[in-house]
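Each remark here refers to the structure printed beneath this line.
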Amino acid sequence: MAATQQAKTRVFSDVDFERKGKQATVLRVPQSRNDSGWGVVQIPITVIKNGKGKTVLLTGGVHGDEYESQIAIAELARNLDPADVQGRLIIIPALHFPAAMNGTRLSPIDNKDLNRCFPGRPEGTFADVLAHYVSAVLLPLTDVNIDLHSGGRAMDFVPSTTAHVLDDKAKMAESTAIARAFGAPYHVVIKEVDAGYTFMTTCERNGVTAISSELGGANRVSIPGLKATRRGIMNSLKHLDLLKGKLDTDGPKTRIVTVPDYGCYAFAPVAGLFEAYHPLGARVRKGDAAGALHFIDDPRRKPEIIAYGYSGEVWCTRGQGPVVAGDPVAVLVADQR
């Protein structure tokens, strides 16, 4: 019996996670509408199983305006030959499908951020039901989750992998080894803001080794971000022995960095049009000006300067000009101590 039939979930599919070979099908999430009482949202899923090995859940599009992962993961689903796989790959290029089709971080159905809805609940709205399916059906099958993100329309990042600070040092070592194989310029180990209901935290609570990423952004398909995503996926799967072959080491050596405290976040105190003063990766010092807020509604008003509260390197900056009060306009990273 397929796992989707065993778990208490409202999501259904004809996928058989135990079948050998390659299956390209959809997950069907019920979504009753005025014009379709029995309607569903269909989310593409590809499952490839061959031989013995780990199960890797590879996901993109948890936020719909983060495009690099959606492209690279869809390419893999389309092109990968089952004969080249040892183990099982569960591939979902655009997990939060309504948001991906809308090009937005939040769903147009229920206005929720999927990555703040885990572990989900079957009696909730669309994002809750989908998060519950992932938690109740997919994670029990999974050894490693690689969930790829970028900055969306809000931020623009140095291509990076990310992971949480964990008490379980063995799990931290596993995630760091995957990140080093992935090969992005930074691997950022963080105590994340509001992480309790995220996908990664739910993986950790279920014993699943997990890494994520920030691979570009600024509401576009980043050229360096997409290059790092394509290379990183293949390297990670080779490292995990799901694919044969040597890792592509023709790239930057990954540095392990962290976001030490909230002083690394530069927040806009008021609304305005943000002008960044430093490119990504620049080294800056506490007290340096991160940029200026311009007030085009009042040309007589002088720009307000936002200062860095920490010394480090610019990990990300605002992806679009307009900001509202409380928006981060830059975040710094520093070497681990």
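In the set Ala266, Ala210, Ala184, Ala177, only one residue is touching a strand residue (DSSP E or B) at 6+ places or on another chain (Cβ under 7 Å) and farther than 24 Å from Gly64 by Cα; that residue is Ala266. Being among the hydroxyl-bearing types (Ser, Thr, Tyr), in the same structural domain as Asp65 (by TED's automatic domain parsing) and in contact with a Gly (Cβ under 6 Å, 6 or more places away or on another chain) is true for just one of Ser222, Ser236. Which residue is that? So the residue among Ser222, Ser236 that is among the hydroxyl-bearing types (Ser, Thr, Tyr), in the same structural domain as Asp65 (by TED's automatic domain parsing) and in contact with a Gly (Cβ under 6 Å, 6 or more places away or on another chain) is Ser222. Under the condition of being surrounded by fewer than 24 Cβ atoms within 10 Å (Cβ to Cβ), at pLDDT 95 or above, in a loop (DSSP other than H, G, I, E, B) and among the small types (Gly, Ala, Ser), the residues counted in region 177-217 number 1. Contact map, region 246-261: residues that are hydroxyl-bearing (Ser, Thr, Tyr) paired with residues that are assigned to a loop (DSSP other than H, G, I, E, B) and at pLDDT 95 or above, Cβ distance under 9 Å, separation 6+ or inter-chain. Pairs shown: Thr249/Gly183; Thr254/Gly183; Thr254/Ala184; Thr254/Pro185. Of all the criteria given as (1) under 22 Å from the mean Cα position of the chain (by Cα); (2) in the same structural domain as Phe157 (by TED's automatic domain parsing), the one not satisfied by Glu313 is (2).
Taken over region 89-99, the criterion of being crowded, with 24+ Cβ neighbours inside 10 Å and farther than 13 Å from Leu130 by Cα is satisfied by Leu89, Pro93. Among residues of region 114-166 being of a type in the set (Asp, Glu) and in a loop (DSSP other than H, G, I, E, B), the one that is modelled with the highest pLDDT is Asp143.
Please go through region 220-247 and pick out each residue that is in a loop (DSSP other than H, G, I, E, B) and either at positive phi or in contact with a Phe, Trp or Tyr (Cβ under 6 Å, 6 or more places away or on another chain) (or both).
Taking region 220-247 and keeping what is in a loop (DSSP other than H, G, I, E, B), we get 220-222, 240-242, 244-247.
Correct list: Val221, Asp241, Gly245.
Exactly one of (1) in contact with a helix residue (DSSP H, G or I) (Cβ under 8 Å, 6 or more places away or on another chain); (2) without any contact (Cβ under 8 Å) to a residue 24 or more places away in the chain; (3) within 23 Å of Arg337 (Cβ to Cβ) is unmet by Gly287. Its number? If we test Gly287 against (1) in contact with a helix residue (DSSP H, G or I) (Cβ under 8 Å, 6 or more places away or on another chain); (2) without any contact (Cβ under 8 Å) to a residue 24 or more places away in the chain; (3) within 23 Å of Arg337 (Cβ to Cβ), just (1) comes out false. Exactly one residue among Ile90, Ile71 is out of contact with any strand residue (DSSP E or B) (no Cβ under 8 Å at 6 or more places or on another chain), in contact (Cβ under 8 Å) with a residue 60 or more places away in the chain and either not assigned by TED's automatic domain parsing to the domain that holds His132 or not small (Gly, Ala, Ser) (or both), and that residue is Ile71. Restricting to region 270-285, and then to whatever is surrounded by fewer than 13 Cβ atoms within 10 Å (Cβ to Cβ) and out of contact with any Pro (no Cβ under 8 Å at 6 or more places or on another chain), can you tell me which residue is farthest from Tyr310 (Cα to Cα)? Ranking the candidates gives Val270 first.
One line per residue, one yes/no per condition, for (1) buried (at least 20 other Cβ atoms within 10 Å of the Cβ); (2) over 14 Å from the mean Cα position of the chain (by Cα):
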site	(1), (2)
Gly124	no, yes
Ala127	yes, yes
Ala131	yes, yes
Ser135	yes, yes
Ser150	yes, no
Met155	yes, no
Thr161	yes, no
Met172	no, yes
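The one condition from (1) within 24 Å of Ala127 (Cα to Cα); (2) touching a residue at least 12 places away in the same chain (Cβ under 8 Å) that Asn111 does not meet is (2).
The values are calculated or read from the model by the stated rules, or taken from the named source; none is laboratory data. Computed from a predicted model, the values in this text were never measured in an experiment. Every residue, glycine as well, gets a Cβ built from its backbone with ideal geometry; the counts of neighbours run over all protein chains shown.
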